[in-house]
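A.B. asks: One structure, as structure tokens, below. Some questions next.
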Amino acid sequence: MHSSKQNRFRRYQLNKTTESVLHSGHPWILNGKLSTAISAFQDGDWMKLVSGSNETLGFGIYSSSGPIGIRIIQRGNEFSIPQLQQTIEKALELRKPLRAKTNAYRLLHGENDLIPGVTVDRYGSTWVVQTYSRSLRTFSRLVVRLLYSASSKSEEPIPKQIVWISPQRIGSEKSLPIRFLRGKEEVPYEEKIFLNQVQWKTKIPGQKGGFFLDVRNLRRFILEKPELAHDKDCLHLFSHTGLTSVCLEEAGAKSVFSADGAKEALEEFASHILPEEELLNFEKKNTILTKGKHHLVRADLFQDWGFLEDRKFSLIVLDPPNLTPNQAAVPAGKKAYRSLITKALFYLEPGGDLILLSCSGRILESEFEKIGRETLANKGWKYKDLIKLKPEPDHPTRKEFPEGKYFKVHIYKKCEPLDQ
């Protein structure tokens, strides 16, 4: 390692608490745990993290805003680019089996792939790079450079475009404008993607910074086990841009009812199922618009489901947004899940299946299961079986980082009221 590179790092001495975080393998040191010496550092400074006895333990990047003070980018006594390259090559290796099934997947999954605060998603011939703090801009460019050279060595297709975005996170940081690190297109533009036999166009840089690749485990389950939806009336709540609904249709659903609160997401969904010149207008809430097997409605699903009237469904997919954006929101988030599940049961046909999804990282899988089981029991329902889907290979998880296991899919099979 050249000394000039090593000089980039400023020395910061850890205390007992922060040293134990580093040894635990967790990728973050929180701002509240840092000593007053941190006041000498600026946002984005690269740090050499040393122990009380002046031993170099690892390297990190300082962020002056938000709860995460230091993201640990490497452990050990020397910062090594080859080691970072190896970490990235390992991540690409995990994605290999996905390439035959789809051309849309997450190439780098941040902390879970040991690349803190940076994710890279592939959509066809575009990479979308998201950096979760301004402090990581230099690091994210280094990561993309190494990922690019690792791709040419493995069978990972080289992208035509690389788009860099900083998502708007809760906190004081302003979102930065979108930049092209490679290629150039007028944004938004479309990429053609596929999942198994389903063809799809996705907008870059899509709705809410993208398109939910983590739901692929459910979409593939639906496509590969079509009996789940075949000949059933299906209800998809919080349908976003509708790929899961289209997978239900592909699996042979009798009808698919999709509801979401976002006008733009529903318009994008409608553009997939309508001929070019036809448009659906979602200005009015609670108005059902029908095209073939699809019924689309814009509604505030935390308030009013009256638009469903007395319809019943034999498959319900409930996929709300993150209900726990911070620790303080956890009790309210759990309560919201219970209330949504309770409402869903009202519309579920006896013997039907209920699929619950959660992207709320602060609710652990065991707690999410408890919410599901207890709500069914409290409302007087039983079920025959519970299937929990595993994350796909592009969403690895690490036991030192439980927060990273945020996405859960629980399928409650053959739900019946107890008095049946």
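A.B. asks: Does segment 81-191 come out rounded, prolate or oblate by the C-alpha gyration tensor, with a ≥ b ≥ c the root eigenvalues, rounded set by a/c under 1.5 and, if not, prolate when a/b is larger than b/c and oblate if not?
C.D. replies: The shape class here is oblate.
A.B. asks: Using alpha-carbon pairs under 8 Å, 6+ residues apart, how would you state the relative contact order of segment 323-420 in percent?
C.D. replies: Values: 135 pairs, mean separation 36.9, N = 98.
With pairs under 8 Å counted, the relative contact order is 38 percent.
A.B. asks: May I pose another question? How high is the relative contact order of segment 81-163? Use alpha-carbon pairs under 8 Å, at least six apart in sequence, and give a whole percent.
C.D. replies: Details: 102 pairs, mean separation 22.9, N = 83.
That works out to 28 percent.
A.B. asks: Let me ask something else. Scan around residue 108 for amide H atoms under 5 Å from its own, H built in the peptide plane at 1.01 Å from N, and keep only partners 5 or more places away or cross-chain.
C.D. replies: 120
A.B. asks: Gain in length, residue 264 to residue 366, computed as 0.36 nm per residue apart minus the alpha-carbon separation, to one decimal in nm? List each step's numbers first, then the result.
C.D. replies: Values: separation 102, 0.36 × 102 = 36.72 nm, distance 3.40 nm.
Result for the pair: 33.3 nm of gain on full extension.
A.B. asks: Put one equal scatterer on each alpha carbon of segment 10-75, apply the Debye formula with no solvent term, and list log10 I(q)/I(0) at q = 0.14, 0.16, 0.20, 0.27 1/Å to two decimals.
C.D. replies: Listed by q, the Debye log ratios stand at -0.31, -0.42, -0.68, -1.36.
A.B. asks: Same structure, new question: Would you compute, from DSSP H runs of 4+ residues alone, the mean residue ellipticity of the chain at 222 nm, taking -39500 (n - 2.57) per run and dividing by the full residue count, rounded to the nearest 500?
C.D. replies: On the way: 9 runs with 105 residues, N = 420.
For the chain, the value works out to -7500 deg cm²/dmol.
A.B. asks: Which order do peptides 241-254, 282-295 fall in by mean Cβ count within 10 Å, highest first? Intermediate values should be presented prior to the final figure.
C.D. replies: On the way: 241-254: 23.3, 282-295: 14.6.
Order by mean packing, descending: 241-254, 282-295.
A.B. asks: Distance in nm between label sites at residue 387 and residue 94, each 7 Å beyond Cα in the beta-carbon direction?
C.D. replies: Simple spin-label model gives 2.4 nm for this pair.
A.B. asks: Round to a whole number: what % of the accessible area of the chain belongs to carbon and sulfur, probe 1.4 Å?
C.D. replies: Details: 9690 of 19240 Å².
Percent of accessible area from carbon and sulfur atoms in the chain: 50.
A.B. asks: Gap in Å between the Cα centre of segment 142-159 and the Cα centre of segment 84-135?
C.D. replies: 10
A.B. asks: Let me know the whole percent of all Cα-Cα pairs from the chain that are separated by more than 38 Å. Display every interim value, and only then the final one.
C.D. replies: On the way: 23314 of 87990 pairs.
That fraction is 26 percent.
A.B. asks: Report, in listed order, any pair from 101/334; 291/379; 232/370; 263/379; 33/203; 384/408 with a Cα-Cα distance greater than 30 Å.
C.D. replies: 101/334; 291/379; 263/379; 33/203
A.B. asks: How large is Rg/Rh for segment 212-417, to two decimals, with Cα atoms and a Kirkwood Rh?
C.D. replies: Dividing the radius of gyration by the Kirkwood radius yields 0.95.
A.B. asks: Tabulate in residue order the Karplus-calculated ³J(HN,Hα) for segment 31-47, using 6.51 cos²θ - 1.76 cosθ + 1.60 with θ = phi - 60°, rounded to whole Hz; enter x for Gly and Pro.
C.D. replies: In residue order, the calculated couplings are 4, x, 9, 7, 6, 5, 4, 5, 4, 7, 9, 10, 3, x, 5, 8, 10 Hz.
A.B. asks: Now, a different point. Around residue 291, which amide H atoms from residues at least 5 apart in sequence, or from another chain, sit under 5 Å from its own amide H, with H modelled in the peptide plane?
C.D. replies: 296
A.B. asks: Roughly what % of DSSP beta bridges within segment 212-417 run antiparallel, to the nearest 5? Kindly include the intermediate steps, with their values, before the conclusion.
C.D. replies: Details: 16 of 35 bridges.
Counting only bridges with both partners in segment 212-417, antiparallel ones make up about 45 percent.
A.B. asks: Before anything else, pin down the relative contact order of the chain: Cα pairs under 8 Å, at least 6 apart, normalised by residue count, whole percent.
C.D. replies: Relative contact order, the chain: 11 percent.
A.B. asks: Suppose we keep just the DSSP beta bridges with both residues in the chain; what percent of those would be antiparallel, to 5?
C.D. replies: In the chain, DSSP labels about 65 percent of beta bridges as antiparallel.
A.B. asks: Give me the number: length gained by fully extending residue 400 to residue 152, i.e. 0.36 nm times residue separation minus the C-alpha to C-alpha distance, one decimal in nm.
C.D. replies: Stretched fully, the residue 400-residue 152 segment lengthens by 86.2 nm.
The values are calculated or read from the model by the stated rules, or taken from the named source; none is laboratory data. Predicted, not measured: the structure shown is a model, and the values here were computed from it. Because the Cβ atoms are built from the backbone with ideal geometry, glycine has one as well, and the counts that use them run over all protein chains shown. Just the protein is used for accessible areas: all its heavy atoms, side chains included, with ligands, DNA and RNA removed. Shrake-Rupley method; radii C 1.70, N 1.55, O 1.52, S 1.80 Å.
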